[in-house]
Amino acid sequence: MKKTYKSKVSYPLLIIILIALIIPIITQFVGVNNDEVSVGVIALQVLIIAFVLHLFLKTTYTIDNTILKVKSGFISYAPIEINQITDISKTKSILSSPAPSFNRISIKYGTYNEFIISPKDQQNFIQDLKNINPNIKINIPS
């Protein structure tokens, strides 16, 4: 079985990040002397904005037989053996992770490993993981 889930995106979070990235571009044009506008700096800032947008909009979680694969844009994370997952719970952690949403879940696996993600369809995603590993403890209030 191979099933891919898209990540949920919190657009207010995306807007905050984009504003923080766009302000330096605006300040380049509002400076005292417009002759100092650096095309290279602006091009780099635009590339960073495109990269962030790509990460936000192209994050997926794929269940491939007994492996969970996480991909954020063109960054692939180490695959997780679903049989090693012990616990899934809601989290409000703001740690950097492939979860471009405030609605996040924490997946604990192995002895001390944890991964934070934000699938759009959390219920079906969790159910698919439980179908493969029925020993997963679910700590998510209804």
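The values are calculated or read from the model by the stated rules, or taken from the named source; none is laboratory data. Keep in mind that this is a model prediction, so the values were computed, not measured. Cβ placement follows ideal geometry from the backbone for every residue including glycine, while neighbour counts extend to all protein chains displayed. Ligands, DNA and RNA are stripped out before the accessible areas are found, and what is left, the full protein with its side chains, is counted by its heavy atoms. Shrake-Rupley method; radii C 1.70, N 1.55, O 1.52, S 1.80 Å.
Remarks
- Taken over segment 4-29, the criterion of being among the small types (Gly, Ala, Ser), outside any strand (DSSP E or B) and surrounded by 13 or more Cβ atoms within 10 Å (Cβ to Cβ) is satisfied by Ser10 alone.
- Single condition Glu114 does not satisfy, out of (1) open to solvent by less than 70 Å² (accessible area, probe 1.4 Å); (2) within 21 Å of Lys137 (Cα to Cα): (1)
- Among the candidates Gln45, Gln84, the residue that is open to solvent by 70 Å² or more (accessible area, probe 1.4 Å) and touching a residue at least 24 places away in the same chain (Cβ under 8 Å) is uniquely Gln84.
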